[in-house]
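Q: My questions will all concern the structure given below.
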Amino acid sequence: MLAGATAVAVGTANFVNPYSTIDIINGIESFMEKNNIIDVKELIGGLRC
Amino acid sequence: MQKKLPGINIEKPDLSVEIAGIKMNNPIMIASGTFGYGTEFSEVEGFSHDEVGAIVLKGTTLNKTRGNPIPRIAEVDCGIINSIGLQNPGIDFVLKNYIPKLRQYKTKIILNIAGYSEDEYKEIAKRINDVNGVHGIEVNISCPNIKEGGMQFCLDPKMTFRVIEKIRGETKLPLIVKLSPNVTDIVQIAKAAIEGGADALSLINTVTAMAIDTKTKRPKLGANFGGLSGPAIKPIAIHKIFQTYQYISQYVKDKKIPLIGIGGIESADDIIEFILAGANAVQIGTSTMIYKTTIEQIISDIANRLSELNEKKINNLVGKVILNT
Ligand SMILES: Cc1cc2nc3c(=O)[nH]c(=O)nc-3n(C[C@H](O)[C@H](O)[C@H](O)COP(=O)(O)O)c2cc1C
């Protein structure tokens, strides 16, 4: 998302771990809490070169 | 009667190969940019230059180049991204200070050249002529053509043809053209390089890539993006070698164009995979920085694999992949 994506799709990881999408959603939530981000949209294109 | 013990080689398989007139003891070469100018590695314990078939030196430009801001390497899953920016002391310095030191080794020395215009490549090729100790030239065409809008030579068949034709006009040394995977159809570029006068092709160079640190929101490389190498790119490289080999074996009749496979090689099995896809030799880059195994070990593993496959000459395996129908 920092690079510019508004959403992502999970593919191959589903074969390895059927819960991967759920894990990823939880992971994003905790990333946002840790980094004080209220709205996930703040991440879109947030890269600083 | 002499008993044949299992697992013991009665006859040592023949690992020697020839690339565009460069005779090598085995098909393993060191990839450009991962070995400097060969001088540092003489201090690495247990490493002998003469074990490898050939050494490709770090990319060299006409003038001294300072390179990109640091960090220049970022670790990612199954590989690294680098953006060195072709830091090098310039061709005259390399010819004067490094090549003489490398003459003591029996291995073959290949100079990798890079440039920002056709004339720059041409001038470098000219200066290499009559230098004792350079056995071949590898042309890195993944450089922007500053004089013509900044597009990389490797992305366009016409630009590839013209720059190779110019270099060919200046040199009789074996000419290897190094192809980029960052194209829609690598065969078009291979064709242009061969028509321009290439004696052999090496592929692949790194795959364009970027990594971002989520804490700082900054790219992990000083230059923001770079090229991916290591095991992550091996299947890409295998496919490109296969496609190029298929084209050459069907359509290039007047000249034999050997292929050098590059990308993520770490073991004898990886090398045999490249050879089955169509490579005559290979180059190892990123994995020389990891020391998972030694070149010596890989060479003895290849010899063993060949015996297992009941093959006496490594050359016999080139392009012998059996396709599913
Ligand atoms: C740190 C580094 C520097 C490189 N420098 C050059 C270079 O100067 N010229 C060039 O043609 N390729 C250069 N390459 C590309 C390698 O020669 C090789 O094509 C690529 O890394 C893929 O092989 P590998 O996966 O075994 O590393 C460099 C690669 C790395 C990792």
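Values quoted throughout were computed directly from the atomic coordinates according to the rules given, and no laboratory measurement underlies them. Quick caveat, the model's predicted, so the values are computed rather than measured. We place every Cβ from the backbone using ideal geometry, glycine too, and count neighbours over all the protein chains shown.
Q: State which residue is nearest to the other protein chains (Cβ to nearest Cβ) when the search covers only the stretch B:85-140 and only residues that are more than 14 Å from the ligand (Cβ to nearest atom) and of a type in the set (S, T, N, Q).
A: Ranking the qualifying residues of the stretch B:85-140, first place goes to B:Ser117.
Q: Need the failing condition index for B:Pro219 against (1) farther than 30 Å from A:Leu47 by Cβ; (2) away from the ligand (no atom under 12 Å from the Cβ); (3) touching a strand residue (DSSP E or B) at 6+ places or on another chain (Cβ under 6 Å); (4) not charged (D, E, K, R), just the number.
A: Of the numbered conditions (1) farther than 30 Å from A:Leu47 by Cβ; (2) away from the ligand (no atom under 12 Å from the Cβ); (3) touching a strand residue (DSSP E or B) at 6+ places or on another chain (Cβ under 6 Å); (4) not charged (D, E, K, R), the odd one out for B:Pro219 is (1).
Q: Hey, another quick one. Which residues, counting only those in the stretch B:182-227, are charged (D, E, K, R) and either crowded, with 17+ Cβ neighbours inside 10 Å or within 14 Å of chain A (Cβ to nearest Cβ) (or both)?
A: Matches in the stretch B:182-227: B:Lys191, B:Asp199, B:Asp213, B:Lys215, B:Lys217, B:Arg218, B:Lys220.
Q: Out of (1) touching a residue at least 40 places away in the same chain (Cβ under 8 Å); (2) among the charged types (D, E, K, R); (3) in a helix (DSSP H, G or I), the odd one out for B:Lys255 is which?
A: B:Lys255 satisfies every listed condition except (3).
Q: Of all residues in the stretch B:139-155, which are assigned to a strand (DSSP E or B), buried (at least 23 other Cβ atoms within 10 Å of the Cβ) and touching a Phe, Trp or Tyr at 6+ places or on another chain (Cβ under 8 Å)?
A: Listed by number, the list holds a single entry, B:Val139.
Q: Would you point out the residue of the stretch A:1-30, among those that are under 22 Å from B:Met210 (Cα atoms) and touching a Ser or Thr at 6+ places or on another chain (Cβ under 7 Å), that is nearest to the other protein chains (Cβ to nearest Cβ)?
A: By that ranking, first place goes to A:Leu2.
Q: Please enumerate the residues belonging to the stretch B:50-82 that are more than 12 Å from the ligand (Cβ to nearest atom), under 20 Å from B:Ile28 (Cβ atoms) and in a loop (DSSP other than H, G, I, E, B).
A: Result: B:Val52, B:Gly53.
Q: The conditions are (1) part of a helix (DSSP H, G or I); (2) surrounded by 18 or more Cβ atoms within 10 Å (Cβ to Cβ), and B:Gln297 fails exactly one of them. Which is it?
A: Going through (1) part of a helix (DSSP H, G or I); (2) surrounded by 18 or more Cβ atoms within 10 Å (Cβ to Cβ) one by one, B:Gln297 breaks only (2).
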